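Data first, discussion second: the structure below is written as structure tokens.
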Amino acid sequence: MADSKNPQKQITLIDLFAVLWQRKFLVIGITVAGMIGVLIFSIASILISPEKSPLPNKYTPSAQMLINDGGKDTGLSSMLSSSGLSSVASLAGVNVSGGTSNSSLASYLVSSNKTLDEIVEKFDLINRYEIKNHEKANSREALRKVLSSNYDEETGVFTVSFTDIDPVFACEVVNYVVKILERRFEEIGVDKNLLSKVNLEENIENTYLNIQDLQKEIRKIENSVSNVYSANGTPSIMMDTTMVKMELEVQEKIYAQLKAQYEMLKVTMASEQPVFQILEYAEIPDRKSSPSRGKLCIIVTFASAFIAVFMAFLLDAISDLKMNTDVVAKFKGSKNE
């Protein structure tokens, strides 16, 4: 029960508003100072060059690719195992035991050390980011902060983006990453039809060259027959001609079969969706992605107002403590001791 001589003080909303009214100049001053300060800071960050600005404009171009996950899990697992990437992908959180998806593989490849090191070397990011110590580790870490990827499961669209103060440079990095992904997918061999198409094209070209060489050899032999005057040499030449013609016939049959397979494969590929397909390369952005200086001004202004209100109540509490004789006596007593 409270002492009758020192009844407990009941604080009401009127008391709170009274404190704020008494300290209104402090509240208004701190709030306005914070608002003007952040406004000057925002304007100055625009006027200063991006390399020296404490808050430069940043641009984030992006490229879109179509990743087909349907019906490719088993083939992808076997391809990863045969390529030696299964253990590495598992460490990165990519499951290759029958449940691997091409989108997960693409996400892993974007952030893999091999891809990051290739980008760092291509664009000399160590000098660009002024990395002095632990160049390989720090350059990878810096690149991971600005290079990102995202996969939309509904549309199957895989997006790669990169953030930098230079929009042209950022666009070049994104498109280079797209080329890396395209090459890595071909190297790993996820799209079997694409690999088959490349192999057939090579075999068709080699077979066609063999046919041309055999035809030239037959014409050469036939020309030599007309210049032979010895009857003993004619049977040998005719036998050689027969053997070459037989080989030519075999090569022509092989060529016909390869062409038939190639045409059938083209029809199949036209009816199926490829595993990896580039939809849009990155374009140079003409609008910044960050920072939002308007939001920054609002946040700082509200923070300044909160600090001002806190300071008003704190000063009022200190003033009340100074007027409390018991509290003053306690402090004076502690000094005397």
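The values are calculated or read from the model by the stated rules, or taken from the named source; none is laboratory data. Bear in mind that the values here come from a model prediction, so they are computed numbers and not experimental data. Cβ coordinates were reconstructed from backbone atoms using ideal geometry, including for glycine residues, and neighbour counts include every protein chain displayed. Heavy atoms of the whole protein, side chains included, go into the accessibility calculation; ligands, DNA and RNA do not. Shrake-Rupley method; radii C 1.70, N 1.55, O 1.52, S 1.80 Å.
Results, tabulated for the structure shown:
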item	result
Selection from the range 144-184 of residues that are in a strand (DSSP E or B) and either of a type outside the set (Asp, Glu) or in contact with a His (Cβ under 7 Å, 6 or more places away or on another chain) (or both)	LEU147, SER148, SER149, ASN150, TYR151, VAL157, PHE158, THR159, VAL160, SER161, PHE162
Any pair with Cβ under 8 angstrom, 6 or more apart, that starts in the range 280-292 at a residue that is on the phi < 0 side of the Ramachandran plot and ends at one that is open to solvent by 80 Å² or more (accessible area, probe 1.4 Å)	LYS288/LYS58; SER289/LYS58; SER290/LYS58; PRO291/LYS58
GLU130 under 23 Å from SER290 (Cβ atoms), modelled with pLDDT under 95, loosely packed, with under 12 Cβ neighbours inside 10 Å and of a type outside the set (S, T, N, Q)	yes
Members of the range 282-293 found to be surrounded by 15 or more Cβ atoms within 10 Å (Cβ to Cβ) and either part of a loop (DSSP other than H, G, I, E, B) or of a type in the set (S, T, N, Q) (or both), listed by number	ALA282, PRO285, LYS288, SER289
Any hit, the range 276-291, residues being modelled with pLDDT of 80 or more and farther than 30 Å from ILE67 by Cβ	yes
Hits in the range 13-43 (condition: modelled with pLDDT of 90 or more and small (Gly, Ala, Ser))	GLY29, ALA33, GLY34, GLY37, SER42
Neighbours by Cβ (under 7 Å, 6+ apart or cross-chain): first from the range 115-140, assigned to a helix (DSSP H, G or I); second loosely packed, with under 12 Cβ neighbours inside 10 Å and aliphatic (A, V, I, L, M)	none
Neighbours by Cβ (under 8 Å, 6+ apart or cross-chain): first from the range 5-16, under 17 Å from ASN324 (Cβ atoms); second at pLDDT below 75	GLN8/ALA2
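Residues are listed down the side, and each one gets a yes or a no for (1) buried (at least 16 other Cβ atoms within 10 Å of the Cβ); (2) at pLDDT below 90:
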residue	(1), (2)
SER86	yes, yes
ALA89	yes, yes
ALA142	yes, no
THR155	no, yes
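Yes/no per residue for (1) among the aliphatic types (A, V, I, L, M); (2) under 14 Å from MET65 (Cα atoms):
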{"position": "LYS136", "(1), (2)": "no, no"}
{"position": "LEU147", "(1), (2)": "yes, no"}
{"position": "VAL157", "(1), (2)": "yes, yes"}
{"position": "ASP166", "(1), (2)": "no, no"}
{"position": "VAL177", "(1), (2)": "yes, yes"}
{"position": "ASN206", "(1), (2)": "no, no"}
{"position": "LEU209", "(1), (2)": "yes, no"}
{"position": "GLN212", "(1), (2)": "no, no"}
